[in-house]
Amino acid sequence: MQAVRAFRNQLPAILSIILLLAIWQSLSLALASPTLPPPADVAEVFWQATISGELPYHLGVTLLRLVVSFSLAMLLGCAIGIALGKNKTLDAFFDNWLVIFLNIPALVTIILCYVWFGLVESAAILAVVVNKLPNVIVTIREGARSLDKDLLEMAQSYRFSKRKSFFHVVWPQMHPFVMAATRSGLALIWKIILVVELLGRSNGMGYQLHLFFQLFDVASLLAYSFAFVAVIQLIEMLVLKPLDRASQRWRR
Amino acid sequence: MSDIRINITNKTYVLAHDTQQIHHAIAGLDITVHPHQFVCLLGPSGCGKTTLLNMIAGLDSHFDGQISMGAIEQTPSIGYVFQNPRLLPWRTVRENIELVFRSTPPASLIDNLLDSMQLRDAQHQYPERLSLGMQRRVAIIRAFAINPNILLMDEPFVSLDAPTARQVRSQLYALWLKRPHTVLFVTHDLREAIALADRLIFLSGSPMRILSDITVPIAREQRQNEANIEAFREQLLQNHPVIRELI
């Protein structure tokens, strides 16, 4: 009974995917062009690239860069964001910096990092972090500004230690903002990482996509991007959603 | 235990919308509270009672004067029941109480306190799922739990319906009889104040000062009787016409 209901709930999602595949199939049949291969061809390429180990390798390299640069950006962003949100003088002083960094095009930071530090791994990571950091800071700062004064006073009158205040009073209030920064961050970072890899790395998804572009290999291009989208979706389902649920269970 | 002396010579603040204007909240206030005394503070709303409690709790240190909790070397511990319960919504009832301790308290202590307010069944609930009356009871337990040098209560029964307020009040009273802490209790309700307090302090509007300081002569065991409280209330209003405007 439960399985039937679960299936019925998933039905619209399954149907919409089938519809998308059908449109794709009929378009590729109608066009009959090598620039739009049918789904079956893409699936075949995906399978070949997977068993040859090539796709998992490049995907892994990109994911590793994603994890490192994402963690750095979140850690730094949370620390700086909370500091700015709590200290008005600091905030007034650095606000202009933030606006400037927010508005520098991603491509410019990437090029500058490569020019200044060479075509090395750390330059690639730095470029991603610098692109992402201002967004994290702005979101977290908003959270730190809206901290509940009543609860902070409660913590103060009961002489909570700094550590206790942070983990039991401040952090739970920051959580929605951290999650927002995480979601938007993930979406932003993986797009930037591809560009970083395209411009200055010799492995990773961005490098591979560049290669396929030069070869006009659309089937591989699609196969690689689907793999990447699937991984990001998995992160959302297996990491972010459970985190959300765990931290929201106190809500009515 | 020694007396608690609150001596505030001057407390001013500037209004947010008009920084030119200086508002005199308190000018010359001197209260000495004996250990285990239950003191009710009564006064018109906006006269600065909450400000006074915040100053005692150490939340507001911008004033002239001093507050001493006797010759205690370490910083005094303070139990504060705020006007709104101020529980951490992301922690359960039990966790909220345990958090005010410096080290993990014995489970039996928490159990006893929860029982005294009939909250044992709700101990693993999150505050937002409880009624306001229950949340206030948790806040009261939290304040008693740490055995504070002084208990500050800022209208802890406000916005409760009358039967609930009565119930929570009698539970608070029973708890206080078992653990007679020094209490400063802000209220608007003269009957409530007479039922609970050893001493009533009537305060004026800003700048706040003491209008009268009255000891409640009714013996504790005779306060169950509403008639005794009513009689004393009538007598108070007759002898101190100035109070009438406050209540």
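The values are calculated or read from the model by the stated rules, or taken from the named source; none is laboratory data. Only a predicted model underlies this, so the values are computations on that prediction, with no experimental measurement involved. Virtual Cβ from ideal backbone geometry, glycine too; neighbours counted across all protein chains shown. In case anyone asks, the SASA skips ligands and DNA or RNA and just uses the protein heavy atoms, side chains included. Shrake-Rupley method; radii C 1.70, N 1.55, O 1.52, S 1.80 Å.
Numbers at a glance
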| quantity | calculated |
| --- | --- |
| Kirkwood estimate for the stretch A:78-206, i.e. one over the average of 1/r between Cα atoms, Å | 16.4 |
| Volume per residue that the Cα convex hull of the stretch A:28-130 spans, once the total is divided by residue count, Å³ | 178 |
| Lysine pair count for the protein assembly as shown [Cα-Cα under 17 Å; pairs on different chains or 8 or more apart] | 7 |
| Using alpha carbons only: equivalent-ellipsoid semi-axes of the protein assembly as shown, gyration tensor based, whole Å | 64, 27, 19 |
| Residue-averaged beta-carbon neighbours from other chains (10 angstrom radius) around A:226-239 | 0 |
| Rel. contact order, % - alpha carbon contacts under 8 angstrom, at least six apart, chain A | 26 |
| Nearest-ten-degree value, helix A:121-145 long axis tilted from longest Cα axis of chain A | 50 |
| Built amide H within the under 5 Å cut-off of B:ALA25, gap 5+ | B:LYS11, B:THR12, B:TYR13 |
| Chains A and B, summed buried accessible surface - 1.4 Å probe, Å², nearest 100 | 2300 |
| The protein assembly as shown, helix-only ellipticity at 222 nm - DSSP H runs n ≥ 4, -39,500 (n - 2.57), divided by all residues, nearest 500 | -19000 deg cm²/dmol |
| Cα pair distances exceeding 25 angstrom across the stretch B:1-127, given as percent | 44 |
| Calculated on alpha-carbon atoms, Rg and Dmax of the stretch A:158-252 in Å | 19.6, 67 |
| Mean projected area in nm² (Cα convex hull; one quarter of hull surface) for the stretch B:91-146 | 3.3 |
| Kirkwood Rh in Å, taken over chain A so that all alpha-carbon pairs contribute | 21.3 |
| Positive-end residue of B:GLN222, A:SER52, A:SER247, charge dipole of the protein assembly as shown with Cβ unit charges | B:GLN222 |
| Whole-Å semi-axes of chain B's equivalent ellipsoid (Cα gyration tensor) | 29, 23, 18 |
| Other protein chain Cβ atoms within 10 Å, averaged over every residue that makes up B:84-92 | 5 |
| Using θ = phi - 60° and Karplus 6.51 cos²θ - 1.76 cosθ + 1.60, couplings along the stretch A:224-229 (whole Hz; Gly, Pro as x) | 5, 5, 5, 4, 5, 4 |
| Under Karplus coefficients 6.51, -1.76 and 1.60, residue-wise ³J(HN,Hα) of the stretch B:89-98 in Hz, glycine/proline x | x, 8, 10, 6, 3, 4, 4, 4, 6, 5 |
| Whole-Å semi-axes of the stretch B:32-99's equivalent ellipsoid (Cα gyration tensor) | 24, 18, 13 |
| All Cα pairs of the stretch A:190-239, percent lying beyond 15 Å | 48 |
| Total charge dipole magnitude, the protein assembly as shown, about the Cα centre, Cβ charges on Lys, Arg, Asp, Glu only, Debye to nearest 20 | 580 |
